[in-house]
Amino acid sequence: MSAIERHGVTARYADAVIHNDVIHLVEVPATSGADIGVQTREVLDGIERQLRTLGSDPSRILMATIYLTDLADCTAMNAVWDAWIPAGSAPARACVKVAGLVDPGWRIEIALTAAR
Amino acid sequence: MSAIERHGVTARYADAVIHNDVIHLVEVPATSGADIGVQTREVLDGIERQLRTLGSDPSRILMATIYLTDLADCTAMNAVWDAWIPAGSAPARACVKVAGLVDPGWRIEIALTAAR
Amino acid sequence: MSAIERHGVTARYADAVIHNDVIHLVEVPATSGADIGVQTREVLDGIERQLRTLGSDPSRILMATIYLTDLADCTAMNAVWDAWIPAGSAPARACVKVAGLVDPGWRIEIALTAAR
């Protein structure tokens, strides 16, 4: 059986799961109720911290799904995102407006896979 | 070319697809119109059956995306989910409210990857 | 470090990313405002073009997530989808209604993984 590595495991979810050299992670904002610029920064900081801890980095993301609660947040989110992605290493990316996130004060949630 | 294994294939979807030792599956409730506790149990039972048939189990899930139609269902869904996940083996998990699922009587749909 | 191949990279996203023999891609319609039949055809044509360019094809899709903005589009979308999927090779497939896509004239967005 191939090995699975789990980090930050609770009864409900893991902060990161690694298998076959692929990291799986989902990140939500630290500050419920903050504006989209702050929340995007928090989510991307959280992702970057995880990736670096696990021997990867933002240049090695494979696919990302960005869930927003308001499409009016797109421009501000993209400004933070575009500046954060290292040149030439953007992932495949889906971006959709959902009808809600688990905490009503969250404006963004990002799920992604990255190569170690 | 790397081998792909498909199970329960229709013209539209497969119940499960395996590649590189990774199982991909999507599960919906058996009982349209049932409450969230019943539907979550049905979805997780369906996932577990698939995983065991394919030589995996609920302790080997890598990433899960949970689509709900009502955030008021979160607590009851999580109660079933938390009890079902074997201790120490929770996956990366995204949970969002969508604007609708294909059958109007479905309250939940789960997509996931798991290691064989 | 395992190799990552990126195609069609902008500052924001890549058209396709390949790692471990798995292709990741996300496709949106070419014609904002067109009906669902046209947009589904455009999205699937775009996916097929990408896959063939990268040494894969529609018979090698592993998992697909279909985001719709209107569930009334399901039947017409499925008609195009079912005819496009080669017999016996349907992927695991999630299909949900989102609250919106980035361009208000888009009715569909598809994210998927495929084996090279």
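The values are calculated or read from the model by the stated rules, or taken from the named source; none is laboratory data. Since this is a predicted model, take the numbers as computed values, not measurements. Every residue, glycine among them, receives a Cβ derived from its backbone with ideal geometry; neighbour counts consider all protein chains shown.
Within region A:31-41, track down each residue that is surrounded by fewer than 16 Cβ atoms within 10 Å (Cβ to Cβ) and either in a helix (DSSP H, G or I) or touching a Cys at 6+ places or on another chain (Cβ under 9 Å) (or both). So that I can check it myself, show each step before the final result.
Of all residues in region A:31-41, those surrounded by fewer than 16 Cβ atoms within 10 Å (Cβ to Cβ) come to A:31-33, A:35, A:37.
The one that is surrounded by fewer than 16 Cβ atoms within 10 Å (Cβ to Cβ) and either in a helix (DSSP H, G or I) or touching a Cys at 6+ places or on another chain (Cβ under 9 Å) (or both): A:37.
So, of the residues in region A:1-22 that are more than 17 Å from residue A:112 (Cα to Cα) and more than 7 Å from chain B (Cβ to nearest Cβ), which turns out to be modelled with the lowest pLDDT?
A:1
Is there a residue in region B:49-58 that is within 11 Å of chain C (Cβ to nearest Cβ), surrounded by fewer than 23 Cβ atoms within 10 Å (Cβ to Cβ) and of a type outside the set (Lys, Arg)? So that I can check it myself, show each step before the final result.
Going through region B:49-58, the residues within 11 Å of chain C (Cβ to nearest Cβ) turn out to be B:50.
Subset that is surrounded by fewer than 23 Cβ atoms within 10 Å (Cβ to Cβ): B:50.
Then drop every residue that is not of a type outside the set (Lys, Arg), which leaves B:50.
Within region B:49-58, one or more residues are within 11 Å of chain C (Cβ to nearest Cβ), surrounded by fewer than 23 Cβ atoms within 10 Å (Cβ to Cβ) and of a type outside the set (Lys, Arg).
Just to verify a result, which residue in region C:71-108, among those that are over 22 Å from residue C:59 (Cβ atoms) and charged (D, E, K, R), is surrounded by the most Cβ atoms within 10 Å (Cβ to Cβ)? Break it down into steps so the answer makes sense when it comes.
In the first step, residues of region C:71-108 are kept if they are over 22 Å from residue C:59 (Cβ atoms); the result is C:71-76, C:96-107.
Right, trim to charged (D, E, K, R) and you get C:73, C:97, C:103, C:107.
Details: C:73: 18, C:97: 21, C:103: 14, C:107: 26.
Checking each candidate, the answer is C:107.
Report the residue count in region B:97-116 for those that are of a type in the set (Lys, Arg), in contact (Cβ under 8 Å) with a residue 60 or more places away in the chain and within 9 Å of another protein chain (Cβ to nearest Cβ).
If we filter region B:97-116 for residues that are of a type in the set (Lys, Arg), which is where we start, we get B:97, B:107, B:116.
The next check asks that each one be in contact (Cβ under 8 Å) with a residue 60 or more places away in the chain; those that pass are B:107, B:116.
Filter once more, keeping what is within 9 Å of another protein chain (Cβ to nearest Cβ): B:116.
Of the residues in that region, 1 qualify.
Can you confirm whether region C:61-68 contains a residue that is in contact with a strand residue (DSSP E or B) (Cβ under 9 Å, 6 or more places away or on another chain), surrounded by fewer than 23 Cβ atoms within 10 Å (Cβ to Cβ), away from chain A (no Cβ under 11 Å) and within 30 Å of residue B:2 (Cβ to Cβ)?
Checking region C:61-68: not a single residue is in contact with a strand residue (DSSP E or B) (Cβ under 9 Å, 6 or more places away or on another chain), surrounded by fewer than 23 Cβ atoms within 10 Å (Cβ to Cβ), away from chain A (no Cβ under 11 Å) and within 30 Å of residue B:2 (Cβ to Cβ).
Report yes if residue A:94 is at the interface with chain C (Cβ under 7 Å from one of its Cβ atoms) and touching a strand residue (DSSP E or B) at 6+ places or on another chain (Cβ under 6 Å), otherwise no. I'd like the intermediate steps shown before the answer.
Values: at the interface with chain C (Cβ under 7 Å from one of its Cβ atoms): yes; touching a strand residue (DSSP E or B) at 6+ places or on another chain (Cβ under 6 Å): yes.
The answer is yes for residue A:94.
Could you list, in sequence order, all residues of region B:1-15 that are β-branched (Val, Ile, Thr) and either exposed (fewer than 12 other Cβ atoms within 10 Å of the Cβ) or within 15 Å of residue C:78 (Cβ to Cβ) (or both)?
If we filter region B:1-15 for residues that are β-branched (Val, Ile, Thr), which is where we start, we get B:4, B:9-10.
Within region B:1-15, just B:10 meets the criteria.
Restricting to region B:8-30, and then to whatever is outside any strand (DSSP E or B), without any contact (Cβ under 8 Å) to a residue 24 or more places away in the chain and more than 15 Å from the chain's Cα centre (by Cα), can you tell me which residue is nearest to residue A:4 (Cα to Cα)?
To start, the set of residues in region B:8-30 that are outside any strand (DSSP E or B) comprises B:10-13, B:20-21, B:28-30.
Still in the running and without any contact (Cβ under 8 Å) to a residue 24 or more places away in the chain: B:10-13, B:20, B:30.
Within this subset, residues satisfying the condition of being more than 15 Å from the chain's Cα centre (by Cα) are B:10-12, B:20.
Working: B:10: 31, B:11: 33, B:12: 31, B:20: 14 Å.
Looking at residues that are outside any strand (DSSP E or B), without any contact (Cβ under 8 Å) to a residue 24 or more places away in the chain and more than 15 Å from the chain's Cα centre (by Cα), I get B:20.
Sort through B:5, B:48 and tell me the only one that's among the charged types (D, E, K, R) and within 13 Å of the chain's Cα centre (by Cα).
Working: B:5 fails: within 13 Å of the chain's Cα centre (by Cα).
Of the residues listed, the single one that is among the charged types (D, E, K, R) and within 13 Å of the chain's Cα centre (by Cα) is B:48.
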